[in-house]
Structures are given as C-alpha cells and as structure tokens.
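The values are calculated or read from the model by the stated rules, or taken from the named source; none is laboratory data. Every value quoted in this text rests on a predicted model; they were computed, and no experiment measured them. When we count neighbours, we look across all protein chains shown, and the Cβ atoms used for this are built from the backbone with ideal geometry, even at glycine. The area values use the complete protein model at the heavy-atom level, side chains included, leaving out ligands, DNA and RNA. Shrake-Rupley method; radii C 1.70, N 1.55, O 1.52, S 1.80 Å.
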Amino acid sequence: MVLLHVLFEHAAGYALFAVKEVEEIGMLLPQVEESVLSLAKFNSMVSLAAFFPFKSAQAALENMNAISEGVVHADLKLFLETNLPRSVKKKAVLGVSDAKIGAALQEEFSISIQTSGVVAEIARGVRLHFHALVKGLTAQAASKAQLGLGHSYSRAKVKFNVNRADNMIIQSIALLDQLDKDINTFSMRVREWYGYHFPELIKIVSENSMYCRLAQLIGNRKELTEESLESLEEVVMDSAKAQAILDASRSSMGMDISPIDLINIERFSNRVVSLAAYRLELQEYLRSKMSQVAPNLAALIGEVVGARLISHAGSLTNLAKYPASTVQILGAEKALFRALKTRGNTPKYGLIFHSTFIGRAAAKNKGRISRYLANKCTIASRIDCFSEVPTSVFGDKLREQVEERLSFYETGEVPRKNVDVMKEAVKEATDVAGEIKRKMEKKEKKRKKREKKLQELQENGDTNGDTKVEDGEADATVVKKKKKKQVTEEMEVQAEESTGAENGAGDAPAKKKKQKMEAEATDNQAEGETPSKKKKKRKAEDVEPEAAEVVVEAVSEKKKKKKKRENSE
C-alpha cells in the first residue's frame, strides 16, 4: 500500500499534506477535478500533517531562492526528516510540484518522488484552500505574505543580476540600429518634401543629415543671397558646393512654397537633425560602456560589432560560453539552416562580416580570416567575462595577431607564435592591473579622508561657526585699515600737488613728514581701541575729518606766507 504525502511551499512556510487513499485513475475524472474546488470535499481527501512557518521575511527569501535553484535548504531538510513517516509496511511517496527540487530531494533522502498525475491536482487544491487548511492563517495574512515575498524575490533577482552591465549595451545597440532606420526614413521624407521647392539640392548634397541641415538653413530658396554663402560653407564644408547651391537656387525649377508649408518642413528637418545629433551621443555612450564591460572585444573587433555579438548572444557570459565555430556564424542562422536543408554550402561568417578584417581580405581568404577572427573573439570575450580588472591589453595583442595573419595570407610573412604574444600580453596586463589597483586604492583613501573630515566638521560645528565669525571680524578690520590708509595717501597727494603749485618744492618734505606722523598716529589709535563694529565705524568717521582738517590748515599756512612775501616786496 502506498502512502502519499505532498510537499507544498508557501510564502508563510512549508506544509506537508497526507493524501488519503485516492486512486490516480479516479482523480483524472472531471467530477473529481470539480470536487477539488469545494473545500468540504477536498478536506475529506487531504489532511495537514505538519506545518513549518518561516521565522522572518529574510528566511522565507533564502528558502525560496534555494527552491528556485533546485537546492535543498537546511530548513526544508530538517522539516522533512522530522515529519516524513518512515514505515516498513507502507511505502512512502513524496509528491512535489517542481521536478528540479524533486530530483534534489530524491538524492538527499533516497525516497520515491512523484511530480505528475495526482500530485498536480492536489497541489492545485492546496493552493486554492491553503489558508483554510492551516489553522491560525487567514486569507489576508497569506496574501500579504505572498506579496511581500514576491517583491523581495523580484528585487533580489534584479539586484544580483549577473548580466545587468550587458543589458545597457544590448538596449543601446538596439536603439542605435532603430535610430539608423528612422533617420534614413525621415531624411527621405525631408528630401521628397523639400524637393518640390528646391529639387536641384538633392544632386548637389547626397548625405542625409547635411541635406536636412541645409533645408533648415536655406528655407525659401529665393531669399538666398551672397551674404548667406559663409553659413552655407560652414554646413557643407566646401566652398565650391556652397557656390553651386547658390547658383542652383537662382535658376531652380522648383515650385513656390507657402510660409506655412515652409515652417512645417523646417520643424521636421530640425527634428531629424536633433535625432542625428542624439545618435552620435548614443554611439559615444556605447563606446564608453563597451570599454568598461568588454574592453578586449571592443579593441579587437570594434565597439559596434562587439555590442551586436553580445546582443545576439543575450549576454557576455553566453558569448563566452559559445565555441569559435558558433561565434563565426552568429547572426547567419537562417542561411545555415537553409544550407543544411538544401545540402548547399554553409555560410562562412555572420555578424563578424562587418569588421574591417574580412573586408580587407581577398575573396579566397575571407573564410580563413573569419575562422581565425572568430577564434580570437572567443578568447577576448572569455577574458572580459572572467577577468577582475578590465584592461584592453589582450584585445590589442589579439588585434595585432589578426593583422599579422592578414599580412601572412597576402605576403607570406610568418606571424609570431601565440605563446610568445600571450606572454607579452600577460606581462603588460599585470602591470596595467597593478596601476589600476593603486589608483583605486588612492581614490578610496581620499574618499575615507573626506568622510572623516566631514564627520569632524559635523561634530565641531558650533566651535567652527564661532571661529568663522571671529575670522570674519578680523578680515573686516584689516579691510577698513587698508581703506583708511588709502584715504590718507590720497589726502597727502592732494596736499603735495597744492604745495607744489603755490610754494614750489622747498616746503614739501617737511609737510609730508608731518602728515605721515599724523596718519600713523590715527592708525595706532584705531588699533588700540576695541574691535567692535560700532566703534570701528566711529573711528572711520573721525579719521576722515581729521585728514581734511590737516589739508585745510596746510593750505591756509601757504596763503599767509604768500601774502607776507607780497607785502614785504
């Protein structure tokens, strides 16, 4: 007699249900399938044997991650060892809904595992009536547990995604290809639309983005004059072409266009120009991303072709797993299967055909160089996937090897051995990796120092605030002293000019000394007083009239002396 137990994994915990004597043949009948939906009938067939609730949300997440990977968690092992009956008379069978975890349990406990047939129907009923079968668990609590575990499980999967760096490359290369198609379509639309007004421009300018910029710049061809020749040269980058456009606009066969139509054409061409500019920015972003994720592959075959290989494989890890023969025809699957079906010649290359090496090779050597290039691409992708510090040293060396192989096919010059090249590459890579690690350590030290300084500033914020105020006051006093000195110097200069004009240069040095002495006395008085702001203002106001009185007195004495001389004469 067979004793069947069904293991059910829920967000709240593990549950073990004992199934009463039910024939598998009977379970397949539609009437019995309908009886699973009613709780009363289902309760007569299934009873709860044991329940193991999870202690925390973290424990639930760990157990679910283990189940999804097909690993027996310690909690599940303890639960089954404790509650699974081991009788000699009755043969125990454990029903599990997932075959992957079933195989792991069979290895662990050496018992018979059942995953299909009656187990699927019972698991469906348990899933429907779980909150009613377990005492103390409500439907609301069960749904909350499922929702919380679902969110945390999804968050963990996204956070610890191995291919998260590759995803940006895959999306950007897909967007780049889509932009190329859209820009070409929109440019053709601009050519057709603006061609009604200025049909000769299509023959002069063949490039799409340049044509859109010219359509945006010219507008109405009748308004084009000699003055706009410089702006045309800036766009076309050729004086002869600019002059040809100007001549064609004067003798054009195009029809007249209304201002409203012209506005719409200009707006649409502006959109196309902005899309072309964004495409260049996206290509630069893709180049920087490839240099971070797969620098060796980018150095060997180029950023765009390397990104297409990663996108077609699904991730850099998948590309690293592929053999060289698969990488060689990656992207030519239709041609391969068509050739296998018709027993024709299989394709020699797929996406790697867009690299410069195959284009440069002779027709008879294209297959050989594509096979060699695919081999080197596989090596580069594996180095990028499994190396800790990303460097482009190996990619540069592999590129040199492909160049040498190309020259060998053309001239017969024997290339270097792979062992020697790889030894050089390993030596250079270790040096570069050491430099990168040193730079990273320096950056980390600087960051830690900054954090410590910020913490110290936060702790001593009040004292630093007080010192800043004192420093500000000291700076203010210094600035005011400088201003006072400037004022006194200006007064001295005025006094010298007046004395030179009236009395000559004879009496000037004595008066200069007096004025300097008075100015120094005022500065000493200002330094000796208290540094409060009000008193400083009073000092500044007192110093200015004193300096003015000195000048007035000097002028009055000169006048008196002059009068005495005139009277004596």
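Observations on the structure shown:
- Among the numbered conditions (1) assigned to a helix (DSSP H, G or I); (2) open to solvent by less than 80 Å² (accessible area, probe 1.4 Å), the only one that residue 49 does not meet is (1).
- Subset of segment 327-355 [of a type in the set (A, V, I, L, M) and open to solvent by 40 Å² or more (accessible area, probe 1.4 Å)]: 340
- Segment 110-130: number of residues that are open to solvent by less than 10 Å² (accessible area, probe 1.4 Å) and touching a strand residue (DSSP E or B) at 6+ places or on another chain (Cβ under 6 Å): 3
- Some residue of segment 134-155 being closer than 15 Å to residue 16 by Cα and surrounded by 14 or more Cβ atoms within 10 Å (Cβ to Cβ): yes
- When residues of segment 201-241 are limited to those that are assigned to a loop (DSSP other than H, G, I, E, B) and crowded, with 18+ Cβ neighbours inside 10 Å, the one nearest to the chain's Cα centre (by Cα): 205
- Among the residues making up segment 382-397, those that are in a helix (DSSP H, G or I) and in contact with a Pro (Cβ under 7 Å, 6 or more places away or on another chain) are 384, 395.
- Of residues in segment 53-109 being charged (D, E, K, R) and under 19 Å from residue 17 (Cα atoms), the one most open to solvent (accessible area, probe 1.4 Å): 86
- Among residues of segment 423-435 that are farther than 10 Å from residue 397 by Cβ, those with a beta-carbon under 8 Å from a residue that is open to solvent by less than 80 Å² (accessible area, probe 1.4 Å) and assigned to a helix (DSSP H, G or I) at least six positions away or on a different chain give the pairs 432/393.
- Boolean, residue 37 is under 52 Å from the mean Cα position of the chain (by Cα) and closer than 15 Å to residue 123 by Cβ: yes
- Criterion: closer than 24 Å to residue 359 by Cα, assigned to a helix (DSSP H, G or I), of a type in the set (Asp, Glu) and open to solvent by 60 Å² or more (accessible area, probe 1.4 Å) - qualifying residue of 424, 404, 410: 410
- Scanning segment 109-118 turns up no residue that is part of a helix (DSSP H, G or I) and within 11 Å of residue 7 (Cα to Cα).
For (1) aliphatic (A, V, I, L, M); (2) within 27 Å of residue 232 (Cβ to Cβ), each residue gets a yes or a no:
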| site | (1), (2) |
| --- | --- |
| 137 | yes, no |
| 147 | yes, no |
| 167 | no, no |
| 178 | no, no |
| 205 | yes, yes |
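- Whichever residue in segment 249-276 is open to solvent by 50 Å² or more (accessible area, probe 1.4 Å) and of a type in the set (Gly, Ala, Ser) and, among such residues, is farthest from residue 218 (Cα to Cα): 274
- Pairing residues of segment 91-111 that are without any contact (Cβ under 8 Å) to a residue 24 or more places away in the chain and farther than 14 Å from residue 76 by Cβ with residues that are hydroxyl-bearing (Ser, Thr, Tyr) and outside any helix (DSSP H, G or I), at Cβ distances under 7 Å and at least 6 apart in sequence or on separate chains, gives 99/115.
- Cross-chain or 6+ apart pairs with Cβ under 8 Å, segment 346-358 first and touching a residue at least 24 places away in the same chain (Cβ under 8 Å), then among the hydroxyl-bearing types (Ser, Thr, Tyr) and surrounded by fewer than 18 Cβ atoms within 10 Å (Cβ to Cβ): none
- Among the conditions (1) in contact (Cβ under 8 Å) with a residue 40 or more places away in the chain; (2) part of a helix (DSSP H, G or I); (3) over 21 Å from residue 180 (Cα atoms); (4) not hydrophobic (A, V, I, L, M, F, W, C), the only one that residue 247 does not satisfy is (1).
- Check on residue 117, at pLDDT 85 or above and on the phi > 0 side of the Ramachandran plot: no
- Single condition residue 176 does not satisfy, out of (1) surrounded by 13 or more Cβ atoms within 10 Å (Cβ to Cβ); (2) assigned to a helix (DSSP H, G or I); (3) modelled with pLDDT under 90: (3)
- Listed by first and then second residue, the pairs with beta-carbon distance under 7 Å, at least 6 apart or on different chains, first residue in segment 307-323 and in contact (Cβ under 8 Å) with a residue 12 or more places away in the chain, second among the polar types (S, T, N, Q) and open to solvent by 10 Å² or more (accessible area, probe 1.4 Å), are 315/163; 317/163.
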